[in-house]
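*Asks:* Structure below; questions to follow.
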Amino acid sequence: MKEEFKLAINRAVSGHAPDFADFELPLAFSVKAFHESFPMYQKTPLVNLTNTAKAIGLKDIYVKDESFRFGLNAFKVLGGSYAIGRTIAKRLDMHFNEITYEKIMDEETRRKIGDVTFVTATDGNHGRGVAWSANRFGYKSVVYMPKGTEEIRLQNILKENADASITEFNYDGCVRLASQMAQEKGWIMVQDTAWDGYEEVPLWIMQGYTTMAIEAFEQMQEKPTHIFLQAGVGSMAAAVAAFFSDIYKEDMPKIVIVEPNRADCFYQTALAGDGERRIVTGDMNTIMAGLACGEPCSIAWDILSRCAKFYISCPEYAAAQGMRVLGNPAKGDKKVISGESGASAFGCVFEIMRDERLKDIRNEIGLDENSVCLFISTEGDTDPENYRRIVWDGAHPAER
Ligand SMILES: Cc1ncc(COP(=O)(O)O)c(C=O)c1O
């Protein structure tokens, strides 16, 4: 496959955002209050890279550094923990605003809920978040991972007492396996993607992600002109986009979705332009492991199709470049340790600003010296060996 930058434009989107009732500000506050009830809660830093922004022709850059989230090196735990909290609240017939860490840990709660097992499929980060939450709360978890998963990702999940394994399937196949096992064994599936008939838990997971969006909003010193969001199944991107739609309504920043060339299902969907979701199949062998998903989440596309105008399909080298620059920004800026998926969107913008061959994309998206760009570095060095190979040795087989 020829690795290149590609842009699809969703012309149905204007500067006005529709209402997304499930992601309004009061809900985001309530989700944040849930996460704040965890004894290990700390908001993650929003790093301001002004000097780097100026060096590449932008006004300002903000990077939300999710490597600090609950000591798990990625944002995903926000979704899994909230979904498990909501599952428990529902079983206890309790209003979701009342569920807290303390309530979940209560002996009485444990007795009422009894023995349950949570099951999920993951490239690593989501499964680690589900396993961590289940383990903290005193429940079992089963986690299926795609073939080719790095051993360290498996080990990190096994450490959370999960029954975790690397399967023979790709990510989408693992999701099907988890769903089948949940039905057969009566386990509770906590999956970060939705399809027809499975939407309640994925919605809770997406709502869980709004904690990082509301934190970023509170930490920002100025309004962003552009928000860049990397997508696997698109749940994270859609949750953040829906949250900011509620904030900025009439005067929306441009939402730009970023995916690897090898798993660009949203780009393909936007390109086709008929509203039907497109599916990418095969191994999706990309260094951006968190983004190696071929089937758009149904709830995510419903949201993004109405508020995200731009869809970039990017080459592998963009993610690698993003990791290097975030780890070594312009003098005076703070560094961000960002992994392959975490740095992908930033890496794209870095290349788009510096490579003259990409100036049409730059102009189309409207990136210039007045642009204030928000990124979410969704993970740190979740695969430390690969991180060093890329950042120290400056090379990766998948690069140009
Ligand atoms: C680090 C990282 N970033 C981004 C994503 C994309 O999230 P989503 O699958 O909700 O699009 C993932 C998904 O696992 C991830 O692990």
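The values are calculated or read from the model by the stated rules, or taken from the named source; none is laboratory data. Computed from a prediction, not measured in an experiment: that's the story for all the values here. Please note: Cβ atoms are built from the backbone with ideal geometry, for glycine as well, and neighbour counts cover all protein chains shown.
*Asks:* Mind listing just one residue for me: the one in region 128-144 that is closer than 12 Å to Met189 by Cβ and within 16 Å of the ligand (Cβ to nearest atom) and, of those, surrounded by the fewest Cβ atoms within 10 Å (Cβ to Cβ)?
*Replies:* To start, the set of residues in region 128-144 that are closer than 12 Å to Met189 by Cβ comprises 130, 141-144.
Of the ones still in play, those that are also within 16 Å of the ligand (Cβ to nearest atom) are 130, 143-144.
Working: Val130: 33, Val143: 28, Tyr144: 24.
Among those residues, the one meeting the criterion is Tyr144.
*Asks:* For region 31-49, enumerate the residues that are crowded, with 17+ Cβ neighbours inside 10 Å and assigned to a helix (DSSP H, G or I).
*Replies:* Of everything in region 31-49, those that are crowded, with 17+ Cβ neighbours inside 10 Å and assigned to a helix (DSSP H, G or I) turn out to be Val31, Lys32, Phe34, His35.
*Asks:* Enumerate the pairs (first residue in region 315-344 and on the phi > 0 side of the Ramachandran plot; second residue anywhere and of a type outside the set (A, V, I, L, M) and within 14 Å of the ligand (Cβ to nearest atom)) with beta-carbon separation below 9 Å, excluding pairs fewer than 6 apart on the same chain, so at least 6 apart or on different chains.
*Replies:* So the pair list comes out empty.
*Asks:* Search region 72-85 for residues that are closer than 20 Å to Asn97 by Cβ and at pLDDT 95 or above and pair each with any residue that is near the ligand (Cβ under 9 Å from one of its atoms) and not in a helix (DSSP H, G or I) when their beta-carbon atoms are under 6 Å apart and the residues are at least 6 apart or on different chains.
*Replies:* From residues that are closer than 20 Å to Asn97 by Cβ and at pLDDT 95 or above, the pairs are Gly79/Asp192.
*Asks:* To continue, here is another question. Those residues that are charged (D, E, K, R) and within 19 Å of Gly124 (Cα to Cα), I need them from region 182-221; list them, please. Write out each step before concluding.
*Replies:* Filtering region 182-221 down to residues charged (D, E, K, R) leaves 184-185, 192, 196, 199-200, 215, 218.
Correct list: Asp192 only.
*Asks:* So which of Ala83, Ala17 is buried (at least 22 other Cβ atoms within 10 Å of the Cβ) and assigned to a loop (DSSP other than H, G, I, E, B)?
*Replies:* On the way: Ala83 fails: assigned to a loop (DSSP other than H, G, I, E, B).
Just one listed residue meets the conditions, Ala17.
*Asks:* Keeping to region 203-249, report how many residues are more than 20 Å from Leu27 (Cβ to Cβ) and assigned to a helix (DSSP H, G or I).
*Replies:* 0
*Asks:* Same structure again: Do you know which residues across region 251-303 are away from the ligand (no atom under 16 Å from the Cβ) and among the hydroxyl-bearing types (Ser, Thr, Tyr)?
*Replies:* Answer for region 251-303, where residues must be away from the ligand (no atom under 16 Å from the Cβ) and among the hydroxyl-bearing types (Ser, Thr, Tyr): just Thr281.
*Asks:* Restricting to strands (runs of 3 or more DSSP E) lying wholly in region 116-175: which have 2 or more residues that are outside the structural domain of Ala231 (by TED's automatic domain parsing), in contact with an Asp or Glu (Cβ under 8 Å, 6 or more places away or on another chain) and modelled with pLDDT of 95 or more? Quick ask: steps written out before the conclusion?
*Replies:* Values: elements: 117-121, 140-145, 163-166.
By residue number, 140-145.
One line per residue, one yes/no per condition, for (1) out of contact with any Phe, Trp or Tyr (no Cβ under 9 Å at 6 or more places or on another chain); (2) of a type in the set (Val, Ile, Thr):
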site: Leu291; (1), (2): yes, no
site: Arg306; (1), (2): no, no
site: Ala320; (1), (2): yes, no
site: Met323; (1), (2): no, no
site: Lys335; (1), (2): yes, no
site: Phe350; (1), (2): yes, no
site: Arg357; (1), (2): no, no
site: Ile361; (1), (2): no, yes
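*Asks:* Scan region 56-71 residue by residue and report those that are in contact (Cβ under 8 Å) with a residue 60 or more places away in the chain, over 19 Å from Phe217 (Cβ atoms) and surrounded by fewer than 17 Cβ atoms within 10 Å (Cβ to Cβ).
*Replies:* The one that is in contact (Cβ under 8 Å) with a residue 60 or more places away in the chain, over 19 Å from Phe217 (Cβ atoms) and surrounded by fewer than 17 Cβ atoms within 10 Å (Cβ to Cβ): Gly57.
*Asks:* OK, next. Can you give me the number of residues within region 221-239 that are out of contact with any Leu (no Cβ under 6 Å at 6 or more places or on another chain), more than 6 Å from the ligand (Cβ to nearest atom) and not acidic (Asp, Glu)?
*Replies:* So the answer is 7.
*Asks:* Among Asp333, Asp393, Asp360, which is more than 16 Å from the ligand (Cβ to nearest atom), acidic (Asp, Glu) and modelled with pLDDT under 95?
*Replies:* Asp393
*Asks:* Pairs, please: C-beta under 7 Å, at least 6 apart or cross-chain, first residue closer than 19 Å to Ala343 by Cβ and in the same structural domain as Cys314 (by TED's automatic domain parsing) and in region 256-279, second part of a helix (DSSP H, G or I) and aliphatic (A, V, I, L, M)?
*Replies:* Val256/Ile365; Ile257/Ala237; Ile257/Leu304; Val258/Ala345; Glu259/Leu291; Pro260/Leu291; Ala263/Leu291; Phe266/Leu304
*Asks:* Please go through region 263-290 and pick out each residue that is crowded, with 18+ Cβ neighbours inside 10 Å, assigned to a helix (DSSP H, G or I) and not polar (S, T, N, Q). Step through it out loud before you land on a result.
*Replies:* Going residue by residue through region 263-290, those that are crowded, with 18+ Cβ neighbours inside 10 Å are 263-270, 277-278, 280, 284, 286-290.
So of that shortlist, the ones also assigned to a helix (DSSP H, G or I) come out as 263, 265-270, 289-290.
Listed by number, the residues that qualify are Ala263, Cys265, Phe266, Tyr267, Ala270, Ala289, Gly290.
*Asks:* Here's a follow-up. In this structure, is Cys293 of a type outside the set (Ser, Thr, Tyr), outside the structural domain of Glu151 (by TED's automatic domain parsing), crowded, with 24+ Cβ neighbours inside 10 Å and more than 30 Å from Glu151 (Cβ to Cβ)?
*Replies:* Numbers: of a type outside the set (Ser, Thr, Tyr): yes; outside the structural domain of Glu151 (by TED's automatic domain parsing): yes; crowded, with 24+ Cβ neighbours inside 10 Å: yes; more than 30 Å from Glu151 (Cβ to Cβ): no.
Against the criterion (of a type outside the set (Ser, Thr, Tyr), outside the structural domain of Glu151 (by TED's automatic domain parsing), crowded, with 24+ Cβ neighbours inside 10 Å and more than 30 Å from Glu151 (Cβ to Cβ)), Cys293 does not qualify.
*Asks:* A further question follows. Tell me which residues, restricted to region 197-242, are without any contact (Cβ under 8 Å) to a residue 60 or more places away in the chain and either among the aromatic types (Phe, Trp, Tyr) or surrounded by 24 or more Cβ atoms within 10 Å (Cβ to Cβ) (or both).
*Replies:* Residues satisfying the conditions are Tyr198, Phe217.
*Asks:* Further, regarding this structure: For region 91-104, what are the residues that are out of contact with any Phe, Trp or Tyr (no Cβ under 7 Å at 6 or more places or on another chain) and among the aliphatic types (A, V, I, L, M)? Walk me through it before giving the result.
*Replies:* Of the residues in region 91-104, the ones out of contact with any Phe, Trp or Tyr (no Cβ under 7 Å at 6 or more places or on another chain) are 91-98, 102-103.
Those that are out of contact with any Phe, Trp or Tyr (no Cβ under 7 Å at 6 or more places or on another chain) and among the aliphatic types (A, V, I, L, M): Leu92, Met94.
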